[in-house]
Amino acid sequence: VYLHIPFCQRRCDYCAFATWTDRHHLHQQYLDAVIADLRRADLPAASSVFVGGGTPSMVPPRALGKLIAAVPVMAGSEVTVECNPDDITAEMLAVYLDAGVNRISIGVQSMDPAVLAVLGRWHLADNVIRAADLVAASGVRSWNTDLIYGAAGESPQQWHDTVQAALQLGAPHVSAYALTVEAGTPLAADPHRHPDDDDLADKYILADVMLEAAGRLNYEVSNWSLPGHESRHNRLYWRSGNYRGFGCAAHSHQDGRRWWNVRTPERYIDAVARGEDPQGGGETLDAATRQREAAQLLLRTREGIPVDWIDLDGLDDLVVVAGGTVRLSRRGRLLANEVSMRLR
Ligand SMILES: C[S@@+](CC[C@H](N)C(=O)[O-])C[C@H]1O[C@@H](n2cnc3c(N)ncnc32)[C@H](O)[C@@H]1O
Ligand code: SF4
């Protein structure tokens, strides 16, 4: 189950997520609508819950806890909340843990104030240390830091120091994303800040070498973890599993049918209040598309794909073939989309 919280204090320059900075008056109404929508859906118990955004840590912790408690879960399920470092307090974490949260994802992005400024990101680097220390001390089962590389003017040393800081904080899981230019963002409108492919590749390799040396093994192109700390929720996406999204703009998938909710919180609240399905659109994938997408997602993971799903001719050092399975090599992960073109 995915729960979308579409509120942020400020919008970061690179971000195109469905989130608003001027709708704080809707917090409670919105959370109530998501709970009503969940009740109406009458779901079977979920293997994982991911509360994302937006900034879930912006809404009052007890209200978020009530929402999380409305999702039926299996014993041992993974329950993650995405948090902005500025919001994290010991009291907030205690309320989350009481509500069943067992994984925290912190939006760190960079530990360098100059890089945070170029990204148009608002939190203070010092606050990350405070927040991560609180998370580590809270007793939560696992936690992640999200990092972004490739901001304009970010030196290899600054990126090295960010990765090293995440490791020193002790994060068992690290997601590191190449800065992506999303249409309609302030970043898109400013070509001087657009990332350079070769710089991104160098920084990817630097991160991979550092993270692997510290026991955080790569298990999907942009994700590394200590053994046992892989995100179960993301693995479900990458294995083309079934999931249900609640809240505005949330996506769902069930056996080859995909659908998504209306985009704004107002329209979502209205639809639920009228007892209507908040669906905004959907599509059914034909068998060939479904198979191709499943293969593309799996190819990006450590599991890899069966050798007969791909034409290996000329892929040489981009893949590793072992025991009937094909995985991307480190170099192959830089060119994952190119390798995907060879899927049969
Ligand atoms: C919904 S946000 C995380 C939660 C919280 N709002 C935050 O930013 O701290 C999910 C993650 O996506 C990544 N992200 C968002 N936009 C991106 C972009 N344009 N390029 C690369 N990574 C991006 C960031 O690392 C971010 O932490
Ligand atoms: S990156 Fe996170 S905090 Fe920044 S605008 Fe996007 S959702 Fe909000």
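Just so it is clear, none of the values below were taken in a lab; they were calculated from the coordinates. No experiment lies behind these values; they were computed from the predicted model shown. Cβ coordinates were reconstructed from backbone atoms using ideal geometry, including for glycine residues, and neighbour counts include every protein chain displayed.
Computed over the chain with a Gaussian network model linking Cα atoms closer than 10 Å, the most mobile of Val319, Val181, Val307 is Val307. Only one residue of Ser252, His160, Ile305 has its Cα farthest out toward the positive end of the dipole of the chain, where Lys and Arg carry +1 and Asp and Glu -1 on Cβ, and that residue is Ser252.
The residues neighbouring Ala152, those whose beta-carbon lies less than 11 Å from its own, together hold a net charge of -4 under the Lys/Arg +1, Asp/Glu -1 convention. Helical runs (DSSP H, four residues minimum) scored at -39500 (n - 2.57) apiece and divided by the length of the chain put the mean residue ellipticity at 222 nm at -10500 deg cm²/dmol. Measuring nothing but how far apart in sequence close Cα pairs (under 8 Å, 6+ apart) lie, relative to its length, the stretch 104-182 scores a relative contact order of 39 percent. Normalised by the number of residues in the stretch 69-208, the average gap of Cα pairs under 8 Å and 6 or more apart makes the relative contact order 23 percent. Each residue of the stretch 111-116 was assigned a 3J(HN,Hα) from its phi angle through the Karplus curve 6.51 cos²θ - 1.76 cosθ + 1.60 (θ = phi - 60°); the sequence is 9, 10, x, 5, 5, 4 Hz, with glycine and proline shown as x.
Springs join every pair of Cα atoms under 10 Å in this Gaussian network model of the chain, and among Met74, Met111, Met58 the largest mean-square fluctuation is at Met74. Picking from Ala288, Ala70, Ala178, which is most flexible by a Gaussian network model of the chain using Cα springs under 10 Å? Residue with maximal mean-square fluctuation among Ala288, Ala70, Ala178: Ala288. Look at the dipole of the chain built from charges on Cβ: of Ala189, Gly241, Ala46, the Cα furthest out on the positive end belongs to Ala46.
Simple point charges give the picture: +1 on the Cβ of Lys and Arg, -1 on the Cβ of Asp and Glu, and for the stretch 263-344 a dipole about the Cα centre of about 320 debye. Give the relative contact order (percent, whole number) for the chain; include only Cα pairs under 8 Å separated by 6+ residues. That works out to 15 percent. Taking the Cα centre of the stretch 1-116 as origin and assigning +1 to Lys and Arg Cβ atoms and -1 to Asp and Glu Cβ atoms, the resulting dipole is close to 260 debye. For the stretch 178-269, the gyration tensor built on C-alpha atoms gives an oblate shape. Its axis ratio a/c (a ≥ b ≥ c) is at least 1.5, and a/b is not larger than b/c. Its alpha carbons considered, the chain gives a radius of gyration followed by a Dmax of 20.1, 58 Å. Dipole size of the chain about its Cα centre, with +1 on Lys/Arg Cβ and -1 on Asp/Glu Cβ: approximately 940 debye, rounded to the nearest 20.
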